[in-house]
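The values are calculated or read from the model by the stated rules, or taken from the named source; none is laboratory data. The structure presented is a predicted model; accordingly, all values stated were derived computationally and were not measured. Methodologically, a virtual Cβ is constructed for each residue, glycine included, from the backbone with ideal geometry; neighbour enumeration extends over all protein chains shown. With ligands, DNA and RNA removed, areas are computed over all heavy atoms of the protein, side chains included. Shrake-Rupley method; radii C 1.70, N 1.55, O 1.52, S 1.80 Å.
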Amino acid sequence: MSDDIEPMHAERLLSSPFDESESVGVFVIRANQTRVNGIARQEALLLAAMMISQAALLALLLCGAVAVLISQPNIKLARNMRAMTPGSTERLDTPARHRRDEIGSLIGGANALLDANTRALQRERTLREGIEAMEAQYRRIFDSSSAGIFVLDEHGRLINSNPTVSKVVGMSLAAMGDLPRDDFIDRIFAQPERVRTMMQTAARTGETVSGDLELIQRGNARRWVHCLISVHHSLEACTQGQEQNTTEGLIYDITERKRTESAVQYQAEHDALTGLHNRAGSHAVIDRLIAGAVADGSALSVLCIDLDGFKQVNDEYGHEAGDQVLKVCAERMNAVVRRSTDLAGRLGGDEFVVALRDVGPLELTLSATAANLLSVLCEPVILSGGTAVRVGASIGIACAPRDGTDRATLIELADASMYEVKRTGKNNFAMAVAPAPCDRH
């Protein structure tokens, strides 16, 4: 208490012991303010200490209660949840004293979440098992398919393929292992540009494109496949503004079919006796040669050849001898012409045709070839019995485009020139004389 506070005091009148009405003095009691202040301070400190102690005790009791009633159950709950195996049927136990409070509600919510998680895991497990079963099935189909299946990236490099691809293309698995680093198309197909054209068409139309393709020859045998190609756009690449395509291809071996088709086509277009092109095959080749000559502005010479004296050999020595003469003459004509570009064919009987590509009427090659044909055809033919026989030849020549630009006209004019040679002495050749435009049909 500060010193400016007026000290407390008490006053009482003192009465005479003899006469109560008579005052003999004043009794004054004054407080010891310093001591009072000290005692008050001590009492205040004691009271504050008691209040602090009471608050601390209350806080301690409250912390203990929270620890016992809330923290420990939560810690135990968390420990039990960490110890549980995901997807198991284990659940959290709810203590009896917490069944109706927040801890019980929390445990109940956690168990409900665990039940939902278990159901979700079970569904996911079931779906995964189904997907794995389908993947295994598709993998078995992929691996055991009789057709080769391959996937290429946008650069033509191999991403994936089944084992059948190795069998179809005739490569070992070790060689197939190098393909992802190379251009698959260049390594496999004999005409890679055709394959790329198919890929471009498939990408442009969004449809599957198919065709028969020849593989690069490995060894002596030619191999063919029928190929189906489809191109798929990457959705992720489209969202990023980059064009990335994958090419899926399916190939299966058609080599035997091609061989059969080639054999059938060969038989249909070739003469069984001489091996030369027959009439239909010769006409088809001449049509192609005329089309090429017209397209590039080059020349073409057609020679019609008839053997002189063949009927006498056939009548005197028999059909077998006649067949031998035809075969020998065919071999000699085939040896004179350029096999890669020219034609030697048998039209029937003892009538033959020769077509010389890029040879015009004024070129020395034409007359030299005709003279060479006459020379080799007039040489003796030794029959199987040792008898030597001779035949001659009459040759008529027509040239495109000078004499015409269609097969029928050229053969007709060459045939007419050939018969003119026969009429005037045989064993010679003559050029056709094209009729005036008004005389043509």
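What to note about this one:
- Theoretical FRET efficiency, 1/(1+(r/R0)^6), r = Cβ-Cβ of Leu14 and Leu60, R0 51 Å, to 0.05: 0.30
- For the chain, built as a Gaussian network whose Cα springs stay under 10 Å, the top-fluctuating residue of Ala388, Ala293, Ala78: Ala78
- Net dipole in debye of the chain [+1 Lys, Arg Cβ; -1 Asp, Glu Cβ; about Cα centre; nearest 20]: 1040 debye
- Dipole of segment 338-441, positive direction: furthest Cα of Thr341, Thr424, Val389, with charges on the beta-carbon: Val389
- Förster radius 51 Å - calculated FRET efficiency between Gln191 and Thr387, Cβ distance, rounded to 0.05: 0.50
- Across segment 1-101, C-alpha contacts under 8 Å between residues 6 or more apart give a mean separation that, scaled by the residue count, equals a relative contact order of 15 percent.
- Ordered from highest to lowest accessible area with the whole protein assembly present and a 1.4 Å probe, Val231, Val165 read as Val231, Val165.
- Taking every alpha-carbon pair under 8 Å whose residues sit at least 6 apart, the chain reaches a relative contact order of 8 percent.
- The Cα trace of segment 1-148 gives Rg and Dmax of 42.0, 149 Å, the first to one decimal, the second as a whole number.
- Cut-off 16 Å, label 7 Å out along Cα→Cβ of Lys426, residues of segment 333-363 by amide N: 350-352
- Using the Cβ-Cβ distance between Asn32 and Glu102 with R0 set to 41 Å, the FRET efficiency from 1/(1 + (r/R0)^6) comes to roughly 0.10.
- Calculated percent of Cα pairs over 37 Å apart (choose from (1) 47; (2) 36; (3) 66), label: (3)
- Residue among Gly177, Gly148, Gly156 with the largest mean-square fluctuation in a Gaussian network model of the chain, springs linking Cα atoms under 10 Å: Gly177
- Using a probe of 1.4 Å, the accessible surface attributed to Val376 totals some 20 Å² when neighbouring protein chains are kept in position.
- Projected label points at Arg339 and Thr365, each 7 Å from Cα along the beta carbon direction, are separated by 1.8 nanometres.
- Prolate/oblate/rounded call for segment 259-368, Cα gyration tensor, a/c under 1.5 rounded: oblate
- Between Ala291 and Gln200, the modelled label-to-label distance comes to 2.2 nm, taking each label 7 Å out from Cα in the direction of the beta carbon.
- The modelled label-to-label distance between Asp183 and Leu121, using points 7 Å beyond Cα along the C-beta direction, is 5.4 nm.
- Net lengthening on full extension, Ala408/Asp323 (0.36 nm per residue, minus Cα-Cα): 27.8 nm
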